[in-house]
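None of the figures in this text is laboratory data; all of them are computed from the coordinates on show. Small disclaimer: the values here were computed from a predicted structure and weren't measured. In this analysis, Cβ positions are derived from the backbone assuming ideal geometry, glycine residues included, and neighbour counts consider all displayed protein chains.
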């Protein structure tokens, strides 16, 4: 049976697994992100390869950024842009590791995982939205991911959800966890410096901080992660509910615009926020309200479902991309 070392490179860590052709993960682990240099990235791959080379047939990579999965070129964007943009990832890794190598964008890997044996298994066309710090995902047509011009199809973080041409109009702000956390912190006067992705929070504050209320007292030392945010929502917290309703409105707009443009059979919602039990039902209600208010017929109404996968979707999608590239 074919097995690969599948690696999912994120902003804070790299997750890896030995995955077989039946989408079973036999060994799993994680380590720190290799953001310092190209050499650090290559060492992180080759060290794991050296450890498992006798158990695997190849290496399957999932990375942020604009990537050509056929040639292996990284065109930039994402947290690895400084060390990989303009480089051929496949060639670099093959020079260190004597095996076949595949690479694909992380959001597109998530979509491929759902197409392989997840919520889009057996579905001819579908879209995956991954609600992370930004909005990852991809478009699946006939079991294959759509890349489009410059491999930028499915870059939903840049989807516009407003009309004022500011940061709030981009979906990474209105629908992503980073934007949601920032808005909650500003409305509740929470300390930005203790939040996840604190440097980005500081940058957002210089861009749009003047649009929020000013407080005389010191910010509260409370961390607003996804679990805490939904706890406030369940408790009926006024500020949290207002921002959550805006979030649902923007996400419903995204889903319905995607539905009208591509007419997928399903839109799969994944990522950390999708773990909240109420999210999918709340989103369906918001889509119903949007369609009723704008006279959108049932034939054009988005059908949304929860992702089958959580943290492992990028790893499994990287493996499926490898299979599509090299066969079994």
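The alpha-carbon atoms of region 41-100 define a convex hull whose volume equals 75 cubic angstrom per residue. Against the chain, whose longest principal axis comes from its Cα atoms, helix 38-52 is set at around 60 degrees. Here the Gaussian network model covers the chain, with springs between Cα atoms less than 10 Å apart; of 52, 182, 244, 52 fluctuates the most. Simple spin-label estimate for residue 191 and residue 293 gives 3.8 nm between the two label positions (7 Å along the Cα-to-Cβ direction from each Cα). Compute the helix-to-body angle for 279-294: its Cα long axis versus the longest principal axis of the chain, expressed 0 to 90° and rounded to tens. In the chain, helix 279-294 runs at an angle near 60 degrees to the longest axis. Taking each residue as 0.36 nm, the span from residue 203 to residue 281 lengthens on full extension beyond its C-alpha to C-alpha distance by 24.8 nm.
Listed from fewest to most Cβ neighbours within 10 Å, the set 71, 102 follows the order 71, 102. From least to most packed, judged by other beta carbons within 10 angstrom and beginning with the fewest, 320, 326 follow the order 326, 320.
Its residues counted as N, region 229-284 yields a C-alpha radius of gyration over 2.2 N^0.38 Å of 1.24.
Averaging over all projection directions, the Cα-based convex hull of region 89-242 occupies 13.0 nm² in the image plane. Considering only C-alpha atoms, what is the centroid distance from region 87-129 to region 174-211, in Å? So the separation of the two Cα centres works out to 31 Å.
Kirkwood analysis of the Cα pair distances in region 1-60 returns a hydrodynamic radius of 11.7 Å.
Dimensions of region 60-180 along the principal axes, based on C-alpha atoms and rounded to the nearest Å, stand at 50, 38, 24, largest first. Only helices enter the 222 nm calculation for the chain: every DSSP H run of n ≥ 4 contributes -39,500 (n - 2.57), and dividing by all residues gives -12500 deg cm²/dmol, rounded to 500. At full extension, residue 231 and residue 53 could sit 59.6 nm farther apart than now, given 0.36 nm per residue minus the alpha carbon distance. Cβ crowding within 10 Å ranks 215, 247, 66 as 215, 66, 247, fewest other Cβ atoms first. As a ratio to 2.2 N^0.38 Å, the alpha-carbon radius of gyration computed for the chain takes the value 1.01. Were the residues from residue 152 through residue 75 laid out at 0.36 nm apart, the gain over their Cα-Cα distance would be 26.7 nm. Rounded to the nearest 10 degrees, the inclination of helix 238-262 to the longest alpha-carbon principal axis of the chain is 50 degrees.
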